[in-house]
Amino acid sequence: MKEIRITVNGKPYELSVRPWATLLEVIREDLGLTGTKEGCGVGECGACTVIMNGKSVNACLVLAPEADGKEITTIEGLAQGEKLDPIQQAFYEIGGLQCGFCTPGMIMSTKALLAETPEPTDHEIRKGLEGNFCRCTGYTKIFESVREASRKSRR
Amino acid sequence: MDYAVIGTRVPRVDAREKVTGTAKYAADYSLPGMLWCKVLRSPVVHAKILNIDTSKAERLPGVKAVITAKDFGGWTWGFMATTRDEPPLAMGKVRYLHEGIAGVAAIDEEVAEAATELIKVDYEELPGVFDPEEAMKPGAPVIHDYRPNNVSVEYHWNYGDVEKAFAESYIVREDRFSTGRVTKGYLEPPASLAYYDPSGSITVWAAKQSPYFHYRHLAACFRLPLSKVRVVQPYIGGGFGGTKNDSVAGDFCAVMASKKTGKPVKFIYSQEEELMTSKRRHAMITYSKMGATKDGLLTAVQAKVIAEGGGYTAIGPLSMYLAGASIAIPYKLANFKYDGYRVFTNNPVCAAMRGHGITHTRFAHDLQMEMIAEELGIDFMEMRLRNAIDNPKPGTVYRTVNDVTLNTCGMKEALTAIKEDPIWAEREHAPKRVGSTSFGVGISGTAYVGGARQLGHQSCAAVIRLCEDGTANLLTGATDCGQGSDTVLCMIAAEELGMKLDDVVIKRVDTAYTPCDPGSYGSRVTLLAGQATQIAAAEVRKQLAEAAAKTWNAKPEEIQIRNSVVSLKSNPDKSMTLENLAKIASYSGSGAVIMGKGYSSYGLEPLDFKTGAGNGGTSYSFTAQATRLGVDLETGHTTVTDFLLAHDCGRPLNPIGAEGQNEGGAVQGLGQAIYEEFIIDQGHTRNSTFLDYKMPRSTDIPDIRIIDIITDDPNGPYGAKEASEGSHVSAPPSVMSAIHDATGIWFKEQPVTPEKIVKALKEAGKWGK
Ligand code: FES
Ligand code: FES
């Protein structure tokens, strides 16, 4: 077992983990934060996207010991109490989701995208979400949601 | 029409939970002391199972149960009484690669996995057969003894006189079309948490889009009354037919292991397991012969369809029915002959998927019609307009030669909307060539059945319970697997009750409490559960109106309820809140419990598999689609820039939802047309990961516009028909038509990959030119 310290959604944790456990397993199983989804477990779908030290990562590809000392934000860390994050609010209003399985990852990728590029072009939106599959929406309302989130975040 | 809720743009009722990550899916459930289940899978494609030795696995510390086929006592399931050929785990014989052989339940996933590797199985390998046309030949390896010719389903339908019609035609064409091996591609792999409790009842939290199928499977398999099987519905990470309509090896093993150990047992398939083993769309070959007059009017169609079925029958009888029954829509056709064969192969099992059955033949026939138009020198739009079925006058029906009846048909209106849009009208002015990219615009006009039926129980039901504070609970057995039915059903209840949308709360399906339902397939939920909800709400509203009338000494007809406010039509000053009325109604006299229930009655014709006559559902949607794309004549790479869909869904009740269905359906159709295909080599799937399977990504998506064609069908609530599967069916032919426009080449095989384009360009002497 390996001892790690991580901060998740502002809360510090000291955990003892199997060295080969992934950050995704730690988040979902040890911390019980099941909002982050596992679609493939091998870095291909983006459903497990979280933000680690400001960058979006596929949590299924990060080994837990690599996350030692890092700050992590998951989908559960975005809303302030009842108040949704502007990105969540935009997905909610525009309908950028159907089954919702890709949604936490999509929203986290959008978070990282808008942090870097607050006013993305259509091309930048598509590029920014390239690692996140969605099988339900045909992406159209997701793109609209990202544009709306960008407008809301700048208001 | 003056609706308060229907037709308005509202957020999904589950949106908040889904954007905050609090929506729970099957994999998110756990119980104290639960075990993990893993399935051992076959490394061979076709073999006799001589022996299974589980002793080593059983001795591994942490292993609590090992399950094999013999635990299920020979039970098998299937779509029809005559096709129950599928066991929970391979029984005596393996029929496709990675078929489930055994299940292990252990204290954690790693131990369970390790134990599967300790199970020793002796196989006697048999020659396999992987191509349906090969499998039909005499002497081919036999996959099921009960079907010595490997044909699992066979139909021969004949309408009119095709021979005479071909003889009299000005032109007759024969072509071979094929659709590829594609899958649903949802992100949530199959998962379930199962508990066989000490009272002898089963409870499962399972990722099922049709939980009542699973409920019946479990009752039959474990020989329990239905009243002792409880399927609780978590949120579902996408369905699209196939696997999540059905039960998988993990489901049966988890329940059996729970029965044996007394502990809850959970399994989650890996995405690779899903992609390697689970039920996907049939790949179909369509040999089509089509005739037309000099003016391009269709005279006859003869279609021989050969479908790859994989190792078991599954829902194949319905797939083959749909492929044939839709031949005479959306174009007038007096003569057709259909010979459908579904053939066993040693590949994974094929079943339903969005666009079920219809996508194959509509693709073939829409394209073949264009080929004929080209030979006759008729504009492709004009060809379709000449042949499209007219919208029947209200109160009349259009009847096809095989007795499919249309109350409404927006095909011509949809085609006209595309015709007038600049994407088609001004296509000659758009750039044709930029660098090595040649641009093209293509169209399609297709139909799809909604409110589909299967065998056995058909109707959807709803129960509405009024709460004394003027809010309501809606219960239905119909499942929202992402398509948005919970939202539209709440909208319908709110509309009928005069209640604010937020005051109607829907509960997830729980077979212990919600009314029985066939399942979410065949674009049926809005129509049938929608009608049931309307009826249930009307019953509640009637009781409320009676209570209000009594209070105000008025007649119930004079009571108006809208936006949770009750008033008297003749005297708007008389009003009260719905909360107030709910209290009056609930507390008066000895007290009343205000509830309403209803079940659907649309579409009760039985399916006729023998002749293909009649309706497979309640109503039909029509879609015209234009696609603009560019083909790089050097690399063969296709970039799709625009989709325009004119879609007749009767009336969109939940516009955001209907748009989302059309967008998602069309993009899934795009995947099937140019990107996606399993590469299966001698039964071995070579691309069993998302990366290699290639579903459309954000960077592949065209700009999509939707035009609603309103036809108000009498067989749907508020005039609604289906949305989603129609747009899936319209996409492939319109993409092929556009690729033809860009390259001058007809591609008749899906998917049209860059390799195929380059090869065809080379053959035509057009490569890089
Ligand atoms: S689960 Fe991590 S990328 Fe798919
Ligand atoms: S909403 Fe279902 S995968 Fe995106």
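Computed from the C-beta positions of A:R5 and A:E116, the FRET efficiency with R₀ = 25 Å rounds to 0.40. Only one residue of B:G470, B:V631, B:F240 has its Cα farthest out toward the positive end of the dipole of the protein assembly as shown, where Lys and Arg carry +1 and Asp and Glu -1 on Cβ, and that residue is B:G470. What shape does the protein assembly as shown take by its C-alpha gyration tensor, where a ≥ b ≥ c are the square roots of the eigenvalues and a/c under 1.5 counts as rounded, a/b above b/c as prolate, and the rest as oblate? Rounded. Put a dot 7 Å past the Cα of B:M576, heading toward its Cβ, do the same for B:D403, and the two dots end up 5.4 nm apart. Atom-type composition of the exposed protein surface of chain B places 51 percent of the accessible area on carbon and sulfur (1.4 angstrom probe). Return the percentage of antiparallel bridges among DSSP beta bridges fully within segment B:156-257, rounded to the nearest 5 %. If we restrict to bridges inside segment B:156-257, about 55 percent are antiparallel.
Amide H of B:S178 versus every other amide H placed in the peptide plane: which residues, excluding those fewer than 5 positions away on the same chain, fall under 5 Å? Residues meeting the criterion, in which the H sits 1.01 Å from N, are B:T286, B:E749, B:Q750. Candidate cross-link partners of B:K137 among the aspartates and glutamates, defined by an alpha-carbon separation under 16 Å and a same-chain spacing of 8 or more, comprise B:D145, B:E154, B:E308. Once the Cα-Cα distance is subtracted from the 0.36 nm per residue extended length, the B:A430 to B:I171 segment shows a gain of 90.0 nm.
Across chain B, the mean sequence separation of Cα contacts (distance under 8 Å, 6 or more residues apart), normalised by length, yields a relative contact order of 15 percent.
Take each residue in B:690-698, count the other chain C-beta atoms within 10 Å of its C-beta, and the mean is 6.
Surface burial for A against B, with a 1.4 Å probe and both sides summed, reaches about 3900 Å² of accessible area.
Counting heavy atoms of the protein chains alone, A:R28 has an accessible area of about 30 Å² for a 1.4 Å probe.
Peptide A:142-148 has a mean shielding of 1, counted as Cβ atoms of other protein chains within 10 Å of each residue's Cβ.
Exceedance of the 20 Å cut-off in Cα-Cα distance is limited, within the set B:K24/B:K208; A:K141/B:K18; A:K55/B:K24; B:K279/B:K507; B:K56/B:K260; A:K11/A:K55, to A:K55/B:K24; B:K279/B:K507. Taking Cα centre as origin and charging only the Cβ of basic (Lys, Arg, +1) and acidic (Asp, Glu, -1) residues, the dipole magnitude of segment B:378-535 rounds to 640 debye. Taking a ≥ b ≥ c as the square roots of the eigenvalues of the Cα gyration tensor, an a/c ratio of 1.5 or more together with a/b no larger than b/c marks chain B as oblate. Per residue, segment A:2-77 exposes 44 Å² of solvent-accessible protein surface, assessed with a 1.4 angstrom probe and all protein chains in place. Calculated accessible area for chain B comes out at 34 Å² per residue, all protein chains present (probe 1.4 Å; ligands, DNA, RNA ignored). If only the Cβ of Lys and Arg carry +1 and only the Cβ of Asp and Glu carry -1, the dipole of chain B around its Cα centre is close to 1240 debye. The value of relative contact order for segment B:330-484, using C-alpha pairs under 8 Å at least six residues apart, is 19 percent.
Cβ-Cβ distance of B:E154 and B:Y287, R₀ of 22 Å, FRET efficiency by 1/(1 + (r/R0)^6): the value works out to about 0.90. When only Cα pairs below 8 angstrom with a gap of at least 6 residues are kept, segment B:73-197 shows a relative contact order of 9 percent. Dipole of the protein assembly as shown computed with +1 at Lys/Arg Cβ and -1 at Asp/Glu Cβ about the Cα centre; of B:A220, B:V525, B:A493, farthest Cα towards the positive end is B:A220.
Placing +1 on each Lys and Arg Cβ and -1 on each Asp and Glu Cβ, with no other charges, gives the protein assembly as shown a dipole about its Cα centre of roughly 1120 debye.
Of the residues B:R562, A:R155, the one with the largest accessible area comes first in the ranking A:R155, B:R562, computed with a 1.4 Å probe on protein heavy atoms.
Accessible area of B:W746 (1.4 Å probe, protein heavy atoms only, ligands and nucleic acids ignored): about 50 Å².
Label separation (B:Y513 vs B:E117): 4.4 nm, computed from points 7 Å beyond Cα along the C-beta direction. The shape of segment B:1-133 comes out oblate: with a ≥ b ≥ c from the C-alpha gyration tensor, a/c is at least 1.5 while a/b does not beat b/c.
The values are calculated or read from the model by the stated rules, or taken from the named source; none is laboratory data. Here the structure is a predicted model, which means the values were calculated and not measured. Using ideal geometry, Cβ is built from the backbone for each residue, glycine included, and neighbour counts are taken over all protein chains shown. Areas reflect the complete protein model, heavy atoms only, side chains present, ligands, DNA and RNA absent. Shrake-Rupley method; radii C 1.70, N 1.55, O 1.52, S 1.80 Å.
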